[in-house]
1. Hey, what's the per residue convex hull volume over the C-alpha atoms of the protein assembly as shown, in cubic angstrom?
2. Can you list the chymotrypsin sites (Phe, Trp or Tyr not before Pro) in region B:161-266 that are in a DSSP coil and have 12 or fewer other beta carbons within 10 angstrom?
3. Quick check for me: using +1 on Lys/Arg Cβ and -1 on Asp/Glu Cβ, what's the dipole size of the protein assembly as shown about its Cα centre, in debye to the nearest 20?
4. Which of B:Tyr236, B:Gln192, B:Ile339 sits farthest toward the positive end of the charge dipole of chain B, with +1 on the Cβ of Lys and Arg and -1 on the Cβ of Asp and Glu?
5. How high is the FRET efficiency from A:Arg36 to B:Phe614, r the C-beta distance, R0 56 Å, rounded to 0.05?
6. Provide the gained length on full extension for the span B:Tyr606 to B:Glu482, in nm with one decimal, where the gain is 0.36 nm per separating residue minus the Cα-Cα distance.
7. Could you calculate the FRET efficiency of B:Thr475 with B:Asn514 from 1/(1 + (r/R0)^6), where r is the beta carbon distance between them and R0 is 30 Å, rounded to 0.05?
8. For a test of the definition: using alpha carbon positions, the gyration tensor, and the 1.5 limit on a/c, classify region B:345-401 as rounded, prolate or oblate.
Amino acid sequence: MSTKKNTELEEFEPNIIGFLCSWCSYAGADLAGTSRIQYPPNVKIIKVMCSGRVNPMYIINAFQQGADGVLVSGCHPGDCHYTHGNYLARRRVATMKKLLEFLGIEPERVRMTWVSAAEGRKYADVVREVTEDIKKLGPMTKIRREKEW
Amino acid sequence: MKIGVYVCECGSNIASTVDVEDLVEQAKEFPYVEVSRVYKYVCSDPGQVLIKQDIEEKQLDRIVVAACSPRMHEPTFRAVLEDMGLNPYVLEIVNIREQVSWVHDDKSKGTAKAASLLKGAVLRASLMHPLERKKVGVTHNALVIGGGIAGIQASLDLADMGFDTTLVEKSATIGGKMSQLDKTFPTLDCSQCILSPKMVDVNRHPNIDLLALSEVVEVDGYVGNFKVKIKKNPSYVLADKCTLCDDCVPVCPVIEHDEYNQGFSPRRAIYIPYPQAVPASYLIDPNSCLGIDPLICSKCKDVCGPEAIDFDMKPEIIEKEVGAIIVATGYEPYPIENIGEYGYGTIPDVISGLDFERIVSASGPTDGTIRRPSDGKIPKTVVFVHCAGSRDPSKHLPYCSKVCCMYATKHALQYKHLVHDGTAINFFIDIRTAGKDYEEFYQRAAEEDQVIYIRGKVSEVFQDGDKILVKGADTLTGETVELHADLVVLATGLMPSAGTKEIASLLNLSVGMNGFIREAHPKLKPVDTAISGVFVAGTATGPKDIPDAVSSASGAASRAAGILAQDELEIEGTVAQVDEDLCRGCGLCAEACPYSAIEINAINKYGHALRVAFVNEALCKGCGSCAAACLNGAINQLGYTDSQILALIGALGEE
Ligand SMILES: Cc1cc2nc3c(=O)[nH]c(=O)nc-3n(C[C@H](O)[C@H](O)[C@H](O)COP(=O)(O)OP(=O)(O)OC[C@H]3O[C@@H](n4cnc5c(N)ncnc54)[C@H](O)[C@@H]3O)c2cc1C
Ligand code: SF4
Ligand code: SF4
């Protein structure tokens, strides 16, 4: 957490957790790699089979465990490998945002996007945007869990 | 637990922007890590040997590889584990190439991100369990639903490959819409002449069980093991006794519209749909017969020499076990009654494309002379309206029906070939002729046969004396066009048949916005559906011409054969699993599952009848949507359990 305390001294670098579906968005992130597109290192990816796997509890948990932002990315509407898991994800993320607002957490800290396996450049753009957005919001402190070690 | 960590340099691909030595050192401090090494190419043979030796010497039971994307080498490393007697699922791959070294050139930031991902992977690996790839047996029989050209082709292909195939057709004969067509574009070969030999083949094939007048009423089970109930409706004529002598027809007192001829000719209550029908047999239409009761009328029964008529026939339920299902339930023309502005139903000489097919046919109601319905005159001017009910998102079908430009052109050509001094005028929005030899066909109609093409939409159609006044706009000249025609033919679009909708809901197949069955992938899996073991052929997925319907049918047959040829199917280990003690039987998971893989069953536990979720592993595709829906944390996705993901979140959150 040391970097965060020094926000006045050096620029705040947000820590963002990205849940990416394996068929579209994770493959899109791989394509950004094979195309050698550079983007900020702030988003760390957790691969799930389908964006529909993202339990809303994971979003809360991410904030509790130290994340400043959360990205959920799935296949474009109509392209979900599992027919409609991405719609479930969209619905759940929308609900979760309302809950966050209720808790006094900026709902903009959670972002849902569609990135296909062909959209390496889009993935890099998304990471750049989310990083910038969360930078502006500053560190997340509200529901962070204190750690013993 | 003993975890081995292997960090790959990938030549310099990883090592140049990630401090791999530092990663290896950090990993040594992570829980359960027994050995942590760096290697130039972990995926190479010597790299694999390194892992294998460690597994043996150090008794490792979880492996973490930090290298390229799991989409590259997960199968490679799983095989390494399997070779050493470990379960292939106790492997975690950290993507530090595509998602770190190639995209971040700041070495210290890249290394920090890689270390965080690696720590998450080690924690996750410590929570992994061996998973089982279960096996299910396969019934080597197939079911094809719908006996149009697509279902016929699929059945013949499967039967020729040696699989026993049941073909279920709702109506009295197979053949579908193609049997009503006169000639087919772009070659103008006679539809019946190319179709009926295939229909005969179906009937004679030792591996095909043809059930006409039948419907699938229940489907249970899963890929390789479907249980199907089919209701066979009575025809009241024993097909094996009927000699097709036609003696019964003249004595029948009932006159009905003949569906095959689009109502332009009569038939009796006992009839044969058309001479080439298969099964080749007469049947009684119970809706028009005076009673199916010898006390009311038994004229046909009395004259039938071979005693083929049986009034006591009852509906039968036939049960079949099949390994794969092909849906080929076809299309229906868009009901032009819906297009009020074109006067169908009120103006007798406004007809549909399918009506025209019958009127132009040598075996049709006018014996092949084109006569208009109202007064039987040979029309001198015929207007063909393209896109009737298609490409009209505000009122009718939003999409292009693909075949209408071609068949309207075919109709104009056929008309010109039969009425040499006649005028054929086609109103079109665009001409769509994408298909082999299609553009040439259209050019020939316009140039050699002087079919007139006007670009523009017909706005209104009126009866004007014995003529029909057609009003439209010529969008090329900007002028309004008014002309008098003797006959107007509406090239109506294709929409999913009622049977397609029924089957989609029976089998839980998802349908697109327009009601056609949705493919598993629109480009790469065009004949698969979201349900394993269920395939789709022909126009049930969308408008197609005959060549496309036939090739999709052969495609579906070969995809189905891929299953039917196996003795056992292996099921991925990453399926959903229910903790019966936590489950409250609410069914939220079942609602979320895209594959209907979850049922809520009552079980007897602790002396109570409890409702709990039950996952059918053969149907589950391991998406995990159910696990995200459950409010009790009672259902989990093996290989992606909540505890594994929470461990990852914990590590990544730490910085
Ligand atoms: C006017 C017109 C002219 C055409 N001309 C041409 C042409 O010249 N060349 C060309 O290539 N294409 C032409 N086409 C297109 C052609 O008709 C189709 O490509 C073809 O018939 C599609 O065959 P199918 O097997 O997919 O569907 P269908 O022919 O509709 O067959 C479906 C079958 O399934 C049965 N069925 C439906 N539901 C069920 C159920 N629930 N259970 C059991 N059985 C069921 C139906 O009874 C039917 O027999 C034309 C179309 C029209 C409308
Ligand atoms: S597993 Fe969960 S969601 Fe499914 S029925 Fe049981 S409690 Fe409900
Ligand atoms: S993992 Fe997906 S496919 Fe399997 S039961 Fe759950 S929701 Fe259905």
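The values are calculated or read from the model by the stated rules, or taken from the named source; none is laboratory data. These numbers were taken from a predicted model, which means no experiment stands behind them. Cβ atoms come from the backbone with ideal geometry, glycine included; neighbour counts cover every protein chain shown. Please note that ligands, DNA and RNA were not included when accessible areas were found on the heavy atoms of the full protein model with its side chains. Shrake-Rupley method; radii C 1.70, N 1.55, O 1.52, S 1.80 Å.
1. Working: hull volume 175.0 nm³, N = 804.
Per residue, the Cα convex hull of the protein assembly as shown comes to 218 Å³.
2. Numbers: sites: B:Phe163, B:Tyr222, B:Phe226, B:Tyr236, B:Tyr260, B:Phe264; in loops: B:Phe163, B:Tyr236, B:Tyr260, B:Phe264.
Sites meeting the loop and neighbour criteria: none at all.
3. On the way: 83 positive and 105 negative charges, 337 e Å.
Roughly 1620 debye, rounded to the nearest 20.
4. B:Ile339
5. Numbers: r = 48 Å, r/R0 = 0.86.
For A:Arg36 and B:Phe614, the calculated efficiency is 0.70.
6. Numbers: separation 124, 0.36 × 124 = 44.64 nm, distance 8.21 nm.
36.4 nm is the gain from fully extending B:Tyr606 to B:Glu482.
7. Values: r = 26 Å, r/R0 = 0.87.
The pair B:Thr475/B:Asn514 has a calculated efficiency of 0.70.
8. Numbers: a/c = 2.84, a/b = 2.07, b/c = 1.37.
Cα axes put region B:345-401 in the prolate bin.
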